[in-house]
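Note sheet for the following structure.
The values are calculated or read from the model by the stated rules, or taken from the named source; none is laboratory data. Being a predicted model, the structure only gives us computed values, none of them experimental. When we count neighbours, we look across all protein chains shown, and the Cβ atoms used for this are built from the backbone with ideal geometry, even at glycine. These area figures cover heavy atoms from the full protein model, side chains too; ligands, DNA and RNA do not enter into them. Shrake-Rupley method; radii C 1.70, N 1.55, O 1.52, S 1.80 Å.
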Amino acid sequence: QVQLVESGGGLVQAGGSLKLTCAASGSIFSIESMAWYRQAPGKQRELVARINSGGSTNYADSVKGRFTISRDNAMYTVYLQMNSLKPEDTAVYYCRVITGGYLYWGQGTQVTVSS
């Protein structure tokens, strides 16, 4: 079993920054992929950013140039640096990890951007 613990969410004004952290623990042998998703009220969950074991990344068009995903392989941790935040970035942000062929989700952390 794998546990994911997210932190770093909160309330910020438009134009501000936040950094999300997701730490994985438990029965981990190697992590194939780590990603951040988000879900706004009344909307479907969407991919924000993803990073694979080789370090390749991809981003949703809406966050390119503003968000940066990174990972610490030794600590099984993934980060999401969010800059120039906009009110439309308001959502619950979820960490997703694929390890051992299984997919795991974090509990989510709320990010609220005020205008």
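The single residue among N83, N58 that is free of Cβ contacts under 8 Å to residues at least 12 places away in the same chain and surrounded by 12 or more Cβ atoms within 10 Å (Cβ to Cβ) turns out to be N58. For the stretch 81-98, the set of residues classified as under 22 Å from L4 (Cβ atoms) and either in contact with a helix residue (DSSP H, G or I) (Cβ under 6 Å, 6 or more places away or on another chain) or assigned to a helix (DSSP H, G or I) (or both) consists of D89 only. (1) modelled with pLDDT under 95; (2) part of a strand (DSSP E or B): which one isn't true of R38, the others all being true? All conditions pass for R38, except number (1). Name the residue that is surrounded by the most Cβ atoms within 10 Å (Cβ to Cβ), counting only residues in the stretch 40-55 that are of a type in the set (A, V, I, L, M) and touching a residue at least 40 places away in the same chain (Cβ under 8 Å). Per the stated criteria, the residue is V48. Determine whether T77 is out of contact with any Leu (no Cβ under 8 Å at 6 or more places or on another chain) and either surrounded by 13 or more Cβ atoms within 10 Å (Cβ to Cβ) or within 18 Å of Q3 (Cα to Cα) (or both). For T77, the condition - out of contact with any Leu (no Cβ under 8 Å at 6 or more places or on another chain) and either surrounded by 13 or more Cβ atoms within 10 Å (Cβ to Cβ) or within 18 Å of Q3 (Cα to Cα) (or both) - is met.
Kindly indicate whether T68 is free of Cβ contacts under 8 Å to residues at least 60 places away in the same chain, of a type outside the set (A, V, I, L, M, F, W, C), in a strand (DSSP E or B) and open to solvent by less than 40 Å² (accessible area, probe 1.4 Å). When the stated conditions are applied, T68 does not pass them. For the stretch 8-30, indicate whether the set of residues that are surrounded by 14 or more Cβ atoms within 10 Å (Cβ to Cβ), hydroxyl-bearing (S, T, Y) and part of a loop (DSSP other than H, G, I, E, B) is non-empty. So far as the stretch 8-30 goes, no, none of its residues is surrounded by 14 or more Cβ atoms within 10 Å (Cβ to Cβ), hydroxyl-bearing (S, T, Y) and part of a loop (DSSP other than H, G, I, E, B).
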